[in-house]
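K.L.:
Quick one: structure below, then a few questions.
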Amino acid sequence: MSSKSVPDHSADHRADQSTPRPPAAVRLNSGAELPLQGFGLYKVPATDTEALVRTAIAAGYRLFDTARFYGNEAALGSAIRRAIADGLVTREELFITSKLWNDEHGFEASQKGFTASLARLGLDYLDLYLIHWPSPAQDKYLDTWRGFEALLAQGRVRSIGVSNFLPEHLDRLLGAADIVPAVNQIELHPLLQQREARAFHERHGIATQAWSPLARGKALQDPALLALAAELGADPAELILRWLRDSGISAIPKASSAERIRSNLELPQQALSSQVLDRISGLDRAQRVGSDPRSVS
């Protein structure tokens, strides 16, 4: 498969000269490039999605993450088509992710689920499609993955991956798969740093992507992190996102205001020092804000 590069808009006649460049990217095992900063649409109402996505595109975002479960695929697709029609961006410059919900597991069901998501989005292809949860009690994710491999072979999606898979699920999947997942999207933030999962990903060439990188706001209330941010004169959210970027981890924070949309993207240019990285590493408490993947069915 041909690789997709994150474009440099500095000479792009369609973009305003003040528009920031899209963030750096990590190359996936599929050859595609996944931006290290994206816009997550979890719990974004469909009625707000189009305006927020348009603001994000104008700010420089190119990665947008949705799912059938979020109920805003159609609104995201509408925003994308309008932005393309208005000359703000091209489809090739965007990286669009969606996810298969738990009641769509299995080979045939996964084909139908993907087709329905693509229709709601109104797109010709997806850049990344993920199994949303392993749902181990169903014991279908191996058949689901075979369905995903078929979608990739059909050219309807550029990369395939998983979400919320623990090393035990990935180990079993890799034993049966022809294609290694390109991405595992997991809950990851300073309070839950997922070192075991990240080490597993690195050994097998799987990119780590962080959902809820701010721990649904709880990390922004942590006294130790707030103290570190105060010492550095940094915004706590920007400090966390800079830490993830320096760690080579793609993040998809949600934002509901134009100011926060821009600030999440326009992070300080200077990488964090090893001393600061060590202090953030010390904040890990194995504290989830989301569900345990072993129990979601």
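The values are calculated or read from the model by the stated rules, or taken from the named source; none is laboratory data. Worth saying up front: this structure is predicted, and the values here are computed from it rather than measured. Positions of Cβ are backbone-derived with ideal geometry, glycine not excepted, and every protein chain shown enters the neighbour counts.
K.L.:
Filter region 244-282 for residues that are in a loop (DSSP other than H, G, I, E, B) and in contact with a strand residue (DSSP E or B) (Cβ under 9 Å, 6 or more places away or on another chain); which is surrounded by the fewest Cβ atoms within 10 Å (Cβ to Cβ)?
P.N.:
248
K.L.:
Being at pLDDT 95 or above, aliphatic (A, V, I, L, M) and under 19 Å from residue 259 (Cβ atoms) narrows it down to one residue among 32, 46, 56; which is it?
P.N.:
Among 32, 46, 56, only 56 is at pLDDT 95 or above, aliphatic (A, V, I, L, M) and under 19 Å from residue 259 (Cβ atoms).
K.L.:
Something else about it: List the number of the failed condition for residue 280; all other conditions in (1) under 14 Å from residue 38 (Cα atoms); (2) modelled with pLDDT of 95 or more; (3) in contact with a helix residue (DSSP H, G or I) (Cβ under 9 Å, 6 or more places away or on another chain); (4) of a type outside the set (Asp, Glu) hold.
P.N.:
(1)
K.L.:
Now for a different question. Could you list, in sequence order, the residues of region 98-107 that are free of Cβ contacts under 8 Å to residues at least 60 places away in the same chain and either polar (S, T, N, Q) or surrounded by fewer than 20 Cβ atoms within 10 Å (Cβ to Cβ) (or both)?
P.N.:
Within region 98-107, 98, 101, 103, 106, 107 qualify.
K.L.:
On to the next question. Residues in region 59-70: is at least one part of a helix (DSSP H, G or I), of a type outside the set (D, E, K, R) and more than 19 Å from residue 25 (Cα to Cα)?
P.N.:
yes
K.L.:
Pick out the one residue from 241, 220 that is closer than 14 Å to residue 38 by Cα and not in a loop (DSSP other than H, G, I, E, B).
P.N.:
241
K.L.:
Next up: Of all residues in region 225-238, which are more than 27 Å from the chain's Cα centre (by Cα) and either among the aliphatic types (A, V, I, L, M) or in a helix (DSSP H, G or I) (or both)?
P.N.:
227, 230, 231, 232
K.L.:
Which members of region 75-94 meet the condition of being loosely packed, with under 14 Cβ neighbours inside 10 Å and assigned to a helix (DSSP H, G or I)?
P.N.:
Within region 75-94, 85, 92 meet the criteria.
K.L.:
When the residues of region 95-122 are narrowed to those that are assigned to a helix (DSSP H, G or I) and of a type in the set (Lys, Arg), which ends up farthest from residue 138 (Cα to Cα)?
P.N.:
Once the filter is applied, the top-ranked residue is 120.
K.L.:
Now, a different point. Output the residues belonging to region 26-52 that are in contact (Cβ under 8 Å) with a residue 60 or more places away in the chain, aliphatic (A, V, I, L, M) and not in a loop (DSSP other than H, G, I, E, B).
P.N.:
26, 34, 52
K.L.:
Now, a different point. Quick one: how many residues across region 182-217 are farther than 19 Å from residue 167 by Cα, touching a residue at least 12 places away in the same chain (Cβ under 8 Å) and in a helix (DSSP H, G or I)?
P.N.:
2
K.L.:
A further question on this structure: Inspect region 74-91 for any residue being among the β-branched types (Val, Ile, Thr) and closer than 18 Å to residue 255 by Cα and give the result as yes or no.
P.N.:
Scanning region 74-91 turns up at least one residue that is among the β-branched types (Val, Ile, Thr) and closer than 18 Å to residue 255 by Cα.
K.L.:
Tell me, please, whether a residue that is in contact with a His (Cβ under 8 Å, 6 or more places away or on another chain), in a loop (DSSP other than H, G, I, E, B) and under 21 Å from residue 296 (Cβ atoms) can be found in region 154-169.
P.N.:
So far as region 154-169 goes, yes, one or more of its residues are in contact with a His (Cβ under 8 Å, 6 or more places away or on another chain), in a loop (DSSP other than H, G, I, E, B) and under 21 Å from residue 296 (Cβ atoms).
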